[in-house]
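Dumping the structure here so I can ask a few things about it.
What follows is calculated from the coordinates using simple rules that are stated; it is not laboratory data. Bear in mind that the values here come from a model prediction, so they are computed numbers and not experimental data. Cβ atoms come from the backbone with ideal geometry, glycine included; neighbour counts cover every protein chain shown.
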Amino acid sequence: MTASPERLNELARLAGLLADQVLDAQIFSRPIPDEHIRTLLSAAFLLDEYGVPLPSLLQQIVHGAKRGAD
């Protein structure tokens, strides 16, 4: 299945918005639903698969998840 550039750009935009909410929650020590992290990681994998650059806040979360997995 191929994804249109418009849909991938919308995915990147929405993932960036959710990443902003997650990082905001982290800064203010609010709980972060596991589903938000899973959704962001899934979006990152999909965007990467199609060669779409990750939004910078999403990159932060992906790198944090990688550090946590090590």
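Apply the membrane-span-like helix rule to the chain: whole DSSP H runs, Cα extent along the own long axis of at least 15 Å, mean Kyte-Doolittle hydropathy at least 0.0. List the helices found. Could you put the intermediate results ahead of the total?
Working: long enough: 5-27 (33 Å, 0.14); 34-49 (23 Å, 0.18); 56-69 (20 Å, -0.02).
Qualifying helices: 5-27, 34-49.
Still on this structure, please answer the following. Order these peptides, 21-31, 35-45, by their mean beta-carbon neighbour count within 10 angstrom, highest first.
Peptide ranking by packing, descending: 35-45, 21-31.
For the chain, state what percent of all Cα-Cα pairs lands in each successive 5 Å bin, counting from 0 Å until the bin that includes the largest distance.
In whole percents, the pair-distance histogram is 3, 17, 29, 25, 15, 7, 3, 1.
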